Amino acid sequence: MAGCFPGFTERPAQQRLAAEIADTVEARAILLAEAGTGTGKTFAYLVPILLSGARTIVSTGTRALQDQLFLRDLPRVREALGVECKVALLKGRANYLCHYRLEQAREDPRFQRGPLAAQLQQIVDWSRQTRSGDLAELDGLPEDSPLLPQVTSTAENCLGTACAFWNECFVVRARQRAQAADLVVVNHHLLLADLALKEEGFGEILPGAQAYVVDEAHQLPELAAQFFGEATSLRALTELATDVIGECRHLAGALASVQGPARALELSARAVRAAMEVLPARGTASRALAAVDVESAFAALVAALRKLSDTLEPLREATAGFDACRLRATLLLARLERWLATPEAALALDEARADAGNAATDVDADPDLRVSVHWYELTPRGFRLQRTPLDVSEPLRAHRERSHAAWVFTSATLAVAGSFRHAARRLGISQARELIEPSPFDWPRQALCYLPPNLPEPSARDYTRSVVAAILPVLEASGGRAFLLFASHRALREAEDCLRDAPWPLFVQGSEPRHALLQRFRASGNGVLLGTASFREGVDVAGAALSVVVIDKLPFAAPDDPVFEARLDAIRRAGGNPFRDEQLPQAVIALKQGAGRLIRTETDRGVLVLCDPRLRGRSYGRTFLDSLPPMPLTQSIGDVAAFFAGS
């Protein structure tokens, strides 16, 4: 295999990984593979997959990685190998323009004037020439434009074969291309939908797939918990009310009967948000319902949703749009009732609906998924009600075994202190091939890990100010060029205040869209970027622009995360050790992700600054340090200055 693709002979780790993947595919086995930064794992799995001729689904963590894989990496490998095969890119339906909803938006008075009118016209003009309908083709349209959910569909509001635009539907065409392909690039959400045969408007992506490659596999268990759960939001409720009113344009006289119930739904949903204002940003359903006025507000919302559903019942046969709205109302009502019930009562509701053949039951039938936590999350103007399973290992195992295919799980951060035990448990894997290929970079020469001495405990009131004081000499030695990653937004804001008069350009998460912030940071040459957990992963800044990565605290999960707390409690009840089995390995993987931002190429040099004194003061600190690349450790700022002086 080394001679079949340019560059393989110079990368022994890549050769070994490719050979192991080839054997795994041939044996229809399972492989857990950690490939450190710079290994070249993308080519290492594309080459053997393409040479094998196996029908394959490759799943990545993000849309950006999907595009990179499909538009850049895959064409290069196919050309180098001279392999002819059909390939397809398939994204979630929210990425594709919906003709029906575009027509609805064009008739909506909200979009007839101002900036949104110009954006809508841009979409209309583009819709006449696009072949894929992928909204990523649109330049200049803001990622947070309120128009986007108005011109795309969801599984709930799609009209299906009843839609007048079915034969022109971009989602249908994308699915057809995928089903005819030999290799399909998807994201993890679509992979899960395909395995569960859960209706997302796609059906089975690649019938008879013989191999699955899951890149960024460390993300899969958390995404599976979201996927197998269910959610209801203020936005979903108010959009239903809006769509019901909009549908009246197609049926004379309908407005008189539906306007009142639709308006009542919107008002009651907003009343719930107002009642929840007294609550913390996140918490359990039981905590929310114990607050004054919250339970009564939800009771009014249930009544309003039921009233709208009943009102729409006689209109179902009038138009496909009203039929879809009626189904959405029924689904939202079922989800809301399950969320309001205790987990045991929710299980009884599911079983009763299933026994009655009720189409509103949209939860997977696997009873393991019913062991769930009911929780909420508040945003500045909205809410989200979640029902999340605590353990997805069994359904993942069942779906994988049903596929009878080869499975490759790979990531730069899949092992903890050289062991796949944690990843295997969460993925439901009892037996697998294993391979760890460390990063081929010269870490002892290219990097240094600095542990600032004499910092207070992370719980101290002045901890963040102490961190900033400790890293200022590092930034002076490096001339800026740093990521400062904080465990909380509060710490980020405090650090921003401390660094406001610093001599380096300051870039702060949330001040502008992420891609624009990174572009300006790269262009500055000496910037200091302040971010939180979202910047630990999926951010690639190669070269001298990023020469320092600072992590203020060990990234243990937030104590106010209801799902995480419930998961720890379940481990405790089962006789396990929550810290050893869940908290520690999850934090180690998160730290490895953050550290991975530092060295991206063979010529990069940089300093990783880990501020948390628990690395030296607690016995578990050694687990974190042993999981990092083999870079020298120091507590001397003089060593940091000498490192940069030698650049």
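Could you calculate the contour length gain from R177 to E602, that is, 0.36 nm times the residue separation minus the distance between their Cα atoms, to one decimal place in nm?
Working: separation 425, 0.36 × 425 = 153.00 nm, distance 3.84 nm.
149.2 nm is the gain from fully extending R177 to E602.
Ordered by solvent-accessible area of protein heavy atoms (1.4 Å probe), largest first, the residues S286, S145, S132 come out as S286, S132, S145.
In order along the stretch 418-423, the phi-based Karplus estimate (6.51 cos²θ - 1.76 cosθ + 1.60, θ = phi - 60°) of 3J(HN,Hα) comes to x, 10, 9, 3, 5, 4 Hz; Gly and Pro are listed as x. Taking all protein chains as shown and a probe of 1.4 angstrom, M631 keeps an accessible surface of around 20 Å². Approximating the spin labels as points 7 Å out from Cα along Cα→Cβ, the S430-to-R580 distance works out to 2.2 nm.
Measuring nothing but protein heavy atoms, the accessible surface of the chain at 1.4 Å probe radius is 51 percent carbon and sulfur.
At 0.36 nm per residue, minus the direct Cα-Cα distance, what do D626 and H250 gain on full extension? Give it in nm, one decimal, please.
Numbers: separation 376, 0.36 × 376 = 135.36 nm, distance 6.49 nm.
Between D626 and H250, full extension yields an extra 128.9 nm.
The label point for D73 and the one for T242, both projected 7 Å from the Cα toward the Cβ, are 3.7 nm apart. To the nearest 10, the accessible area of E103 is 70 Å² with a 1.4 Å probe.
With r defined as the distance between the Cβ atoms of S459 and L267 and R0 fixed at 41 Å, what FRET efficiency is calculated, to the nearest 0.05? Spell out each step's value before the answer.
On the way: r = 43 Å, r/R0 = 1.06.
Taking R0 as 41 Å, the efficiency between S459 and L267 is 0.40.
D569 exposes around 60 Å² of accessible area when a 1.4 Å probe is run over every protein chain in place. Per residue of the chain, the DSSP helices (runs of n ≥ 4 H) give a summed -39500 (n - 2.57) that works out to -13500 deg cm²/dmol at 222 nm.
Count charges around H515 for me, please; just the other residues with Cβ under 13 Å from its Cβ, Lys/Arg as +1, Asp/Glu as -1.
That sum, taken over residues with Cβ under 13 Å, equals -2.
Length gained on full extension, R445 to S511: 20.2 nm, using 0.36 nm per residue less the C-alpha separation.
Taking Cα centre as origin and charging only the Cβ of basic (Lys, Arg, +1) and acidic (Asp, Glu, -1) residues, the dipole magnitude of the stretch 65-114 rounds to 140 debye.
Computed FRET efficiency, Cβ-Cβ of S419 and R573, R0 30 Å: what is it to the nearest 0.05? Spell out each step's value before the answer.
Values: r = 24 Å, r/R0 = 0.81.
Once the sixth-power term is evaluated, E becomes 0.80.
A 1.4 Å probe run over the chain, with the rest of the protein chains in place, finds 43 Å² accessible per residue. When all protein chains stay in place and ligands, DNA and RNA are ignored, the 1.4 Å accessible-area order of E377, E401, largest first, is E401, E377. Label-to-label distance, A94 versus E476, with points set 7 angstrom from Cα along the beta-carbon direction: 4.6 nm. Place a label point 7 angstrom from the Cα of Q122 along the Cα-to-Cβ direction, then list the residues of the stretch 89-104 whose backbone nitrogen is under 16 Å away. The answer is 97, whose backbone nitrogens lie closer than 16 Å to the label point. The orientation-averaged projection of the convex hull spanning the C-alpha atoms of the stretch 120-275 amounts to 12.6 square nanometres.
At a Förster distance of 56 Å, what's the computed FRET efficiency of Q635 paired with R106, Cβ-Cβ distance as r, to 0.05? If you can, show how the numbers build up before the last one.
Details: r = 64 Å, r/R0 = 1.14.
Calculated transfer efficiency: 0.30.
Taking a spot 7 Å from the Cα of D497 along the direction of its beta carbon, which residues of the stretch 449-487 have an amide N less than 14 Å from it? Answer for the stretch 449-487: 461-466, 468. Pairwise Cα separations in the chain fall into 10 Å bins from 0 onward with the following percentages, short to long: 3, 14, 23, 26, 21, 11, 3, 0.
The values are calculated or read from the model by the stated rules, or taken from the named source; none is laboratory data. Since the model is a prediction, treat every value here as computed from it, not as a measurement. Here the Cβ is made from the backbone with ideal geometry for all residues, glycine too, and neighbour counts use every protein chain on show. Side chains are part of the model used for accessible areas, which takes the heavy atoms of the whole protein and leaves out ligands, DNA and RNA. Shrake-Rupley method; radii C 1.70, N 1.55, O 1.52, S 1.80 Å.
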